[in-house]
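Contents: one structure, followed by commentary.
The values are calculated or read from the model by the stated rules, or taken from the named source; none is laboratory data. Nothing here was measured: the structure is a model prediction, and the numbers come from that model. As a convention, Cβ positions derive from the backbone with ideal geometry for all residues, glycine included, and neighbour counts pool all protein chains shown.
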Amino acid sequence: MEIKVLFDKESIEKEFKTGWGVSFLIDDSVLFDTGENGDWLFANMQRLKVDVDRIVAVVISHHHWDHTDGLWELLNRKRGLKVYGCPHFDTDFKEKVVRFKGEFIEVESITEVTENIFITGEIKSCYKGEYISEQALMVKTVQGITVVTGCSHPGIVKIIQKVKEDFPREEINLVFGGFHLMDKERREIEIIADKLKEMGVHKVGPTHCSGCEAQLIFKERYKDGYIPINVGKILMI
């Protein structure tokens, strides 16, 4: 199965648009997050020859602007698209999805979006003193589970614990996306990286809000199991 990196802060070629936030296309059919800008997202889609008509669902990790602002251009181009979010997403965001003729679907617990593509459901957290809900995406393949994260506000360890509860018999092949470690001390990042290895995570691809120091630490820990994430890259899982 393929995952295309449609939006992130770095790219494999200068012709791609980059910025804050992420967007990943799984199996050409399920879009995870939409980055900060719809025009930039679609420019990258066009360069990667993405067929918008094949997209059947959008999964939003959490309702911060850098993960949602590309959504409105997508809904303009494809009305009636299913948008999977958490029950405690901001009411204004939910209503805007409906105004743009999307179908907002609340996900409380593990849900299969399409065959072998799942969402964790709402994982509760606190960010800057405020309640925030977030979800991650999981892909089941013969190599094991691939976990895709937006920002990991609940904590990347907590998210992996949830995945292991949902799939207790499966190996965790790859975890990539935002790990939200850019404001953490080095020692705390080292402990988290070691914990993921203890939990049996084979490969990692920290990007977006993970921070440069976290990327270096995970690269030191994982060596060949470290996967750089850049716009334009296609991951085979």
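Among the residues of the stretch 127-150, what is the count of those that are more than 13 Å from the chain's Cα centre (by Cα), within 14 Å of SER61 (Cα to Cα) and either of a type outside the set (Gly, Ala, Ser) or exposed (fewer than 14 other Cβ atoms within 10 Å of the Cβ) (or both)?
So the count comes out to 1.
Name the single residue that is surrounded by the most Cβ atoms within 10 Å (Cβ to Cβ) among those in the stretch 163-198 being under 18 Å from the mean Cα position of the chain (by Cα) and in a helix (DSSP H, G or I).
Only one residue tops the list, namely VAL163.
Name the single residue, out of those in the stretch 73-121 being of a type in the set (Phe, Trp, Tyr) and not in a strand (DSSP E or B), that is farthest from the chain's Cα centre (by Cα).
Among those that are of a type in the set (Phe, Trp, Tyr) and not in a strand (DSSP E or B), it is PHE100.
When only residues in the stretch 1-18 that are part of a loop (DSSP other than H, G, I, E, B) and β-branched (Val, Ile, Thr) count, which is nearest to the chain's Cα centre (by Cα)?
So, considering only residues that are part of a loop (DSSP other than H, G, I, E, B) and β-branched (Val, Ile, Thr), the one nearest to the chain's Cα centre (by Cα) is THR18.
Within the stretch 141-162, restricting attention to residues that are of a type in the set (A, V, I, L, M) and in a helix (DSSP H, G or I), which residue is farthest from LYS128 (Cα to Cα)?
Restricting to residues being of a type in the set (A, V, I, L, M) and in a helix (DSSP H, G or I), the top hit is ILE160.
Take the stretch 42-72 and flag every residue that is outside any helix (DSSP H, G or I), surrounded by fewer than 19 Cβ atoms within 10 Å (Cβ to Cβ) and touching a residue at least 60 places away in the same chain (Cβ under 8 Å).
Selection gives LEU48 alone.
Residues GLN143, GLN161: which one is within 23 Å of LEU25 (Cβ to Cβ), among the polar types (S, T, N, Q) and modelled with pLDDT of 95 or more?
GLN143
Looking at (1) free of Cβ contacts under 8 Å to residues at least 40 places away in the same chain; (2) within 26 Å of LEU174 (Cα to Cα), find the lone condition where VAL113 falls short.
VAL113 satisfies all of (1) free of Cβ contacts under 8 Å to residues at least 40 places away in the same chain; (2) within 26 Å of LEU174 (Cα to Cα) except (1).
Just to be sure I understand, how many residues within the stretch 116-126 are crowded, with 24+ Cβ neighbours inside 10 Å and either among the polar types (S, T, N, Q) or farther than 18 Å from PRO87 by Cα (or both)?
1
Scan the stretch 19-39 for residues that are more than 16 Å from ILE234 (Cα to Cα) and touching a Ser or Thr at 6+ places or on another chain (Cβ under 8 Å) and report the count.
Qualifying residue count, the stretch 19-39: 4.
Which residue, of LYS124, LYS203, is at pLDDT below 95, under 28 Å from THR34 (Cβ atoms) and within 17 Å of the chain's Cα centre (by Cα)?
LYS124
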